[in-house]
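For reference, the structure discussed in these notes is given below.
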Amino acid sequence: MVTNLMDKKTLKLIGGNGTLGCARLAPLGVPKACVAALRAVFKMALNDPAVAAAAAKRKMTYGLVTLQAIQAHTKKIGSADNALFVRVRRSLKRNKPLKFPTPSFG
């Protein structure tokens with residue numbers, strides 16, 4: 001059991017990133033009927049016992065992630081103290097922040 005407050009915050013920050021990894025996005029301008037169809041298919045998959053069993057077998061977190069949950073976790077990341085990120089990098093044995101290429105929207 002984790003008793004150190006900073007360790008708890010570190011685990012919460014790392015552990016919550018699965019929320020962001022679950023996002024399924026569609027580009028702007030997708031017709032509402034298509035969005036509704038996509039949502040219905042995802043809901044069917046979430047309710048499919050075979051899919052749930054396969055996820056359980058792999059010990060995967062499984063369930064609907066709402067936009068509100070994604071936004072809440074993004075807010076936590078954005079407001080986290082830099083010391084927490086230093087601790088996360090240290091726990092992952094990284095001394096420097098990861099560098100990602102800048103996305104191009106052109």
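Report, ordered by the first and then the second residue, all pairs with beta carbons closer than 9 Å, sequence separation of six or more or different chains, a first member in the stretch 84-101 that is closer than 13 Å to Lys9 by Cβ, and a second member that is at pLDDT below 75 and in a loop (DSSP other than H, G, I, E, B).
Every condition considered, the pairs that remain are Phe85/Pro97; Val88/Arg94.
Looking at Val30, Val2, which one is among the aliphatic types (A, V, I, L, M), farther than 20 Å from Ala72 by Cβ, modelled with pLDDT of 85 or more and over 19 Å from the mean Cα position of the chain (by Cα)?
Val30
The values are calculated or read from the model by the stated rules, or taken from the named source; none is laboratory data. Worth saying up front: this structure is predicted, and the values here are computed from it rather than measured. All Cβ positions, glycine included, derive from the backbone under ideal geometry; neighbour counts span all protein chains shown.
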